[in-house]
1. Dimensions of the chain along principal axes (Cα, Å, largest first)?
2. Taking only the alpha-carbon atoms of segment 51-99, what semi-axes of the equivalent ellipsoid follow from 5 times the gyration tensor eigenvalues under a square root, in whole Å, largest first?
3. Can you give the extra length, in nm with one decimal, that the chain gains between LEU96 and ARG71 once fully stretched, where that is 0.36 nm per residue apart less the Cα-Cα distance?
4. How do 96-105, 64-73, 25-34 rank on mean C-beta neighbours within 10 Å, highest first?
5. Can you tell me the FRET efficiency between GLU109 and GLU14 if r is taken as the Cβ-Cβ distance and R0 is 30 Å, rounded to the nearest 0.05?
6. How much length is gained on full extension from ALA23 to ARG79, taking 0.36 nm per residue of separation minus their Cα-Cα distance?
Amino acid sequence: MKLIIAIIQPHRLEDVLKELDKAEIHLKTVSNVLGCGRQKGRTEVYRGRKETGNLLKKVRIEIAVNEGFVRPTIDAVMRGAKTGNIGDGKIFITDLAECIRIRTEERGEVAIG
Ligand SMILES: Nc1ncnc2c1ncn2[C@@H]1O[C@H](COP(=O)(O)OP(=O)(O)OP(=O)(O)O)[C@@H](O)[C@H]1O
Ligand SMILES: [Mg+2]
């Protein structure tokens, strides 16, 4: 099991969600976050408006998947989020030790999807 965390440009969210749906990846958590990349917020301007200080508005998508869905999830995020411009975002992938569906107490791979 892996936890995939994608930090993307807010204006790419709709396309990323479409690509995830197409790949039959439906379970996710989405948050609005503030972030700072290697330009330290200096050169990135979205619609002519900079955010406060070094922090720019980003969207964070978390998706927990079984091994077979790791590649399709990454590919879907890439298709939806990549413009080729700075600030397109990053994808972090970590091993996921456990997942528990609270209602049924199922654990592990059956609890993920
Ligand atoms: N090393 C990191 N640790 C935690 N969050 C990060 C890290 N790198 C990037 N992020 C998050 O991802 C967001 C987007 O990063 P961004 O795409 O600007 O990366 P970058 O390394 O600056 O690449 P680029 O040169 O393409 O802009 C940041 O605003 C921040 O929220
Ligand atoms: Mg950057």
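1. Answer, in whole Å and largest first: 48, 26, 21 Å.
2. 25, 15, 7
3. 7.5 nm
4. 64-73, 25-34, 96-105
5. Once the sixth-power term is evaluated, E becomes 0.50.
6. Once the chain is fully extended between ALA23 and ARG79, it gains 19.0 nm.
No lab work stands behind these numbers, since they all come straight from the coordinates. Since the structure is predicted, the reported quantities are computational estimates derived from the model, not experimental observations. Neighbour counts run over all protein chains shown; Cβ positions are idealised from the backbone, glycine included.
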